[in-house]
Amino acid sequence: MSHDGSEKLVMMANQIGKFFASQREESRVPGIAEHIRKFWDPRMREKIFAHLDAGGAGIDPTVREALESLRQKAD
């Protein structure tokens, strides 16, 4: 993983994912995406999307799905 700050964002995103893991399955991905949309600065989202585009090392699968859905809604 690079040292451009993306490691911390991956850790934060995965922590959000762990919180939502206790929610109903159909609520997990939308919950993670909504949390990141509401509480992350646009620069943070841009950086995690760039990390995702570079392969997304370390991002949990459910978090990856949430990030992809968030990006689709933003387009």
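Taking all protein chains as present, what is the carbon and sulfur share of the accessible area of the chain, in % to the nearest whole number, probe 1.4 Å?
Within the chain, the accessible surface is 53 percent carbon and sulfur.
Excluding ligands, DNA and RNA, the accessible surface per residue across the chain is 65 Å² with a 1.4 Å probe.
Using Cβ point charges alone (K and R +1, D and E -1), the dipole size of the chain about the Cα centre works out to roughly 220 debye.
Of the trypsin sites (Lys or Arg not before Pro) found in region 1-66, the ones in coil according to DSSP and having at most 14 other Cβ atoms within 10 Å of their Cβ are R24.
The values are calculated or read from the model by the stated rules, or taken from the named source; none is laboratory data. If you're wondering where the values come from, they're calculated on a predicted model, not measured in any experiment. When we count neighbours, we look across all protein chains shown, and the Cβ atoms used for this are built from the backbone with ideal geometry, even at glycine. To get the accessible areas, we keep the full protein, side chains included, count just its heavy atoms, and leave off ligands, DNA and RNA. Shrake-Rupley method; radii C 1.70, N 1.55, O 1.52, S 1.80 Å.
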